[in-house]
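This report concerns only the one structure given below.
Read the figures in this text as sums done on the coordinates, not as results from a lab. None of the values given here were measured: they were computed from a predicted structure. Heads up, the Cβs are rebuilt from the backbone with ideal geometry, glycines too, and the neighbour counts pull from every protein chain shown.
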Amino acid sequence: MTNQDLLGITREFGSPIYVYDASKMEFQYNRLTNAFKKVKKVKVNYAVKALSNVSVLKLLHSFGAGMDTVSIQEVKLALEAGVPPSMIIYTPNGVSLEEIERAVEMGVQINIDNLSILEQFGTKHPSIPVCIRINPHVMAGGNTNISVGHIDSKFGISIHQMPHIERIVKNTGMNINGIHMHTGSDILDIDVFLYASEILFEAATHFKDLEFLDFGSGFKVPYKEGDIETNIEEFGEKLSARFNEFCKSYGKELTLAFEPGKFLVSEAGQFLVKVNVVKQTTSTVFAQVDSGFNHLIRPMLYGSQHEIENISNPKGKERFYSVVGYICETDTFANNRRIGEIREGDILSFHNAGAYCFTMASNYNSRYRPAEVLWYQDKAHLIRKRETFDDLLRNQVSITL
Ligand SMILES: *Cc1c(COP(=O)(O)O)cnc(C)c1O
């Protein structure tokens, strides 16, 4: 997919627009599975919340991926994409017993992350296999917004509550078929992950009928120059050896499962916007684009730094810009960023726009959410139409006054 292809897409479908490169997703999927080729049974469940377009789910499923879902609606999207229920795991947090029962009716694997629901579910449905999400209390990365395995996190059942988990399992006679952890979204250090894995292995010894161990995700991909990336090959080598050793001592060939979102789709995505206004002020040069945090909120929410490239002027002399949006709110995408000279009408591309970008988009300022295109087999396929005014009105009820 070249910059010329991208410019062609904005001419054909307009801007702002999200574009995803299918071959990059395939490349990442193969990298991950290759890293674990020494383990007999490996399951990659793609985290649907990263990018939930049905065509993207179909694509990832065509590579062999199952789906990791966090809401009943995501379960439905995965089913809509043709993924069989047996390849879907449902890992919600803080949902009602009723929603979990609905997931069971749909035939998906459930994952329970609190003692209250575990006890209620086990009492009512002792024969339905359940996975347990534990919190190993390992701090991944330094950002507490995206670190979910530490002591103050709301996710998972504390590893220190193992005696209580065992009491519930024994009293209800329920069947625990999997143990899960998801330590966060920012694993910089393989040793930290391996340390957390040891806690999972220890937890696993408390259950006799396990079928799988789910190590969640947290694989880091580079966003800006100089970022470290999880060395997936080294990680695969180390964890595979340890996993195989564990299976031997457990006395059974278990399945090793993962649920990557970002790793599979982040780098495959680009977000294309058009520059409406170039505004010189006393302190900076603003490039104002036809978007805002209504379309891409990660820079404002997490301070994420997405590379920005002026694809209309790739050879342009670099200058410093503040790239901002058009909504009535401070919506700064980047400050003091060196970008090839920007002219009004230029198309800018935000990199790493595959994960947690479109899925976090909103209609704030009554703007339409962008269109989405999948670049697949050298062709642009529109996979979501741009919204229209009817979409804004769809569920509104205009009363007679
Ligand atoms: C969000 C989430 C993931 C995916 O995390 P990434 O950082 O995108 O890979 C995996 N598992 C669970 C339970 C999640 O909530």
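Gain on full extension, evaluated as 0.36 nm per residue between Asp191 and Ile128 minus their Cα-Cα distance, stands at 19.2 nm. Helix 22-35 and the longest principal axis of the C-alpha atoms of the chain enclose an angle of approximately 30°. Contact order for the chain, expressed relative to its length and based on alpha carbon pairs under 8 Å spaced 6+ residues apart, stands at 19 percent. The longest stretch of the chain left intact once loop-based trypsin sites (Lys or Arg not before Pro) with at most 15 other Cβ atoms within 10 Å are removed from consideration, loops following DSSP, is 42-153. Shown here for the range 172-227: GluC sites (Glu not before Pro) in loop regions (DSSP other than H, G, I, E, B) with at most 12 other Cβ atoms within 10 Å, namely Glu225. Per-residue ellipticity at 222 nm computed for the chain from its helices equals -9000 deg cm²/dmol, with DSSP H segments shorter than 4 residues left out and the rest contributing -39,500 (n - 2.57).
What you get for the range 269-386, charging only the Cβ of Lys and Arg (+1) and of Asp and Glu (-1), is a dipole of about 140 debye around the Cα centre. Taking amide H positions as modeled 1.01 Å from N, with prolines and chain starts lacking one, the residues under 5 Å from Asp214 and 5 or more places away or on another chain are Ile179, His180, Met181, Ala257.
Here's how it looks for Gln109: its modeled amide H is under 5 Å from those of Ile88, Tyr90, which are all 5 or more places away or on a different chain.
Taking the Cα centre of the chain as origin and assigning +1 to Lys and Arg Cβ atoms and -1 to Asp and Glu Cβ atoms, the resulting dipole is close to 340 debye. Give me the angle, in degrees from 0 to 90, between the Cα long axis of helix 232-250 and the longest principal axis of the Cα atoms of the chain, rounded to the nearest 10. Approximately 10 degrees, to the nearest 10. In degrees between 0 and 90, to the nearest 10, how far off the longest principal axis of the chain does helix 54-63 point, with axes built from Cα atoms? Here the helix axis deviates by roughly 60 degrees. Between the listed residues Ser197, Pro370, Phe333, the Cα displaced farthest toward the positive end of the dipole of the chain, a dipole computed from Cβ unit charges relative to the Cα centre, is found at Pro370.
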